[in-house]
Amino acid sequence: MPKVDLDTIEQINRTGYPPPFDEAVAGRFHRRLSPATGLTDFGVSHVTLKPGAWSSQRHWHDGEDEFLVMLSGEAVLVEDEGSTVLRPGDCAAWPKGTGNGHHLRNESGEECSFIVVGGGVNTGGGYSDIDMLFTDQGTYTRKDGTPYDTRRI
């Protein structure tokens, strides 16, 4: 496989989160590397967070593993157990089904970037700090099952 040229892959900052949950990720920009490189068995994204941005709402996956490698800058990893600063070269992993809500926050004054890899089967998951779940059909619901009027991207 030839070297991946990030500049040729569209960088987007769209989210499917319903308001007001979309506000925290307004400074998150990502490139979906798997479709651009022909990978089909797992997802890979290159993510950049502007100062103050979050990677996502604090979440977990029921059927998908996640692995993250910090590339540049600094971010605070927030999990059920507390907070940890991640710097270039640091790695973090979340096995599927643990229910350990996690996300990164860029609390520094500089951009940071990381690679995140995910694999498994989307069977849904949830969000630790807000009244929201995501489904295997690509929708969001409240924890009582009431749907939000938006779709996951």
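The values are calculated or read from the model by the stated rules, or taken from the named source; none is laboratory data. Just so we're clear, the structure is a prediction, and the values are computed from it rather than from any experiment. In case anyone asks, the SASA skips ligands and DNA or RNA and just uses the protein heavy atoms, side chains included. Shrake-Rupley method; radii C 1.70, N 1.55, O 1.52, S 1.80 Å.
Observations on the structure shown:
- Once the convex hull of all Cα atoms in the stretch 87-153 is built, its volume per residue stands at 134 Å³.
- Averaging Cα coordinates gives a centre for the stretch 108-153 and one for the stretch 1-16; these two points are 20 Å apart.
- For the chain, the share of accessible area belonging to carbon and sulfur comes to 51 percent (1.4 Å probe, ligands and nucleic acids excluded).
- Hz values of 3J(HN,Hα) by residue in the stretch 118-126 - Karplus curve (6.51, -1.76, 1.60), Gly and Pro given as x: x, x, x, 10, 5, 10, x, x, x
- From the coordinates shown, P(r) over Cα pairs in 5 Å bins from 0, in percent corresponds to which of (i) 2, 9, 17, 23, 23, 16, 7, 2, 0, 0; (ii) 2, 12, 23, 26, 21, 11, 3, 1, 0; (iii) 2, 9, 17, 18, 16, 12, 8, 6, 4, 3, 2, 2, 1, 1, 0, 0: (i)
- The chain - mean residue ellipticity at 222 nm from DSSP helices (-39,500 (n - 2.57) per run, n ≥ 4, rounded to 500): -500 deg cm²/dmol
- Stretchable slack from THR123 to ASP136, in nm (0.36 nm times residue separation minus alpha-carbon distance): 4.2 nm
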